[in-house]
Amino acid sequence: MPAGKGKEGAPTPACSDSIGIDALSDELLQHIIGFLQAQEAVRTSVLARRWRNLWKSAMRVRIVAWQGKFLGSVEKLCDFVDHLLQHRQGSTLLTFDLAFTSFGQEMSECLYKDDYNFLNHVNNWFWHAVSCRVQVLFLNAFGSCIEEPSLLLDNVPIKSRHLTMLELDGVSVQSRFLDFSNCPSLEQLKFHNCYFSYDSRFRIRAPNLVSLYLAIIWGMIPVLESMPSLETAFFATSMESEDTCDEDDCACEFCENYYNISGGTDSNRCVLLKGLSEAEHLTLFSGPQMYIFKMDLKCCPMFSKLRTLVLDDYWCVPDDFRALVCILKRSPVLQKLTLQLSSKKHRQQRERKGILGPMEGSAAILEHLKIIEVTCDAVDERIGKLTFFLCAFHIRFSLN
């Protein structure tokens, strides 16, 4: 279009042709392709001659097969991923995302067929990503149903100077895999709906972690070794995953009758709390019996950096606030405490009468704690008892 006159007589520039996507550099196009799911990324090869090989060097690979809809069958999925990784020829990866949920009966059959071992395929893909110097690695296997077969990862430690984030969902792990001491850059670690064997208590070694997330752990809860750089940690267990004793009248360390909080000094016996003691922000959700936390609180370490703490119902059972007082005493710089109460969980609690008066222990809570926030879905008798107990600290608290 020829240049014309503007509203006030000034010449207007001629319209230039719009800039198309082909004007972008190969590096930028590869970056964009990396946000596509793998099958869509491969389809870009038919757009033009220039696009034929761009997907092979994309630094993000996303393989998502929700509800078994990806390519129609497990066999086609495996063939596609095997060829995809073969064509990439070991190109460096920034992110590798493997996510596949229920394939129904077909998946169950493939997991155990001698001639077609799906578990071996997934393990090969996982370790291939590690060999490609991946920085962020996600593996979500078979969804959240624990009754479905879970993926068992090879029992060897990851050795990578590049891995910064690892997120596992719906997998089984063994002891050697949990040694991340050869991953100096690993800062974020997440286990969700994962299975740890009941045969022995495994140990998680990840000395440079900044963020740790453990939720819905099945089997034996792992021991957390020292994490001096830890800033944020989330732990949520359930009744099924904790150690229990079948004897009603037993007085062993896991039982209701054996409840001697802060009775020892050997922090080496801690399963969780010693490893979490360097955290600045901590969330602890327990099962109804608090077996692991009871054991840890007897030799509870000092939370010298903890500034915010979130606890659930099982930390404040009326009239027994010993667990709550214990962890508050050992959190000298704590600024905010949040208690998340559920009426459903309250029905699972067993109250203990006359164990702790509301004023006991309050003098040991330092002046840094300024805010206590209580969230609840229903007002019941717990709220009154908890309010009376917390008011002894002369701290502002809100009820939501």
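Could you pull out the pairs from 76/159; 274/385; 159/190; 190/274; 329/385; 274/294 whose alpha carbons sit more than 25 Å apart here?
Working: 76/159 31 Å; 274/385 30 Å; 159/190 17 Å; 190/274 18 Å; 329/385 20 Å; 274/294 13 Å.
With Cα atoms farther than 25 Å apart: 76/159; 274/385.
Using a 1.4 angstrom probe with every protein chain in place, what is the largest-first accessible-area order of 231, 27?
On the way: 231 85, 27 130 Å².
Sorted descending by solvent-accessible area, the residues read 27, 231.
Label residue 155 and residue 198 with points 7 Å out from Cα along Cα→Cβ: what is the distance between them in nm?
1.8
Stretch residue 49-residue 75 to full length: gain in nm at 0.36 nm per residue minus the Cα-Cα span? If you can, show how the numbers build up before the last one.
Working: separation 26, 0.36 × 26 = 9.36 nm, distance 2.99 nm.
Result for the pair: 6.4 nm of gain on full extension.
Roughly how much of residue 285 is accessible, in Å² to the nearest 10, using a 1.4 Å probe?
Here the residue's solvent-accessible area equals roughly 40 Å².
The values are calculated or read from the model by the stated rules, or taken from the named source; none is laboratory data. None of the values given here were measured: they were computed from a predicted structure. Ideal geometry is used to build each Cβ from the backbone, glycine not excepted, and the neighbour counts take in all protein chains shown. All accessible areas refer to the heavy atoms of the entire protein, side chains included, with ligands and DNA or RNA removed. Shrake-Rupley method; radii C 1.70, N 1.55, O 1.52, S 1.80 Å.
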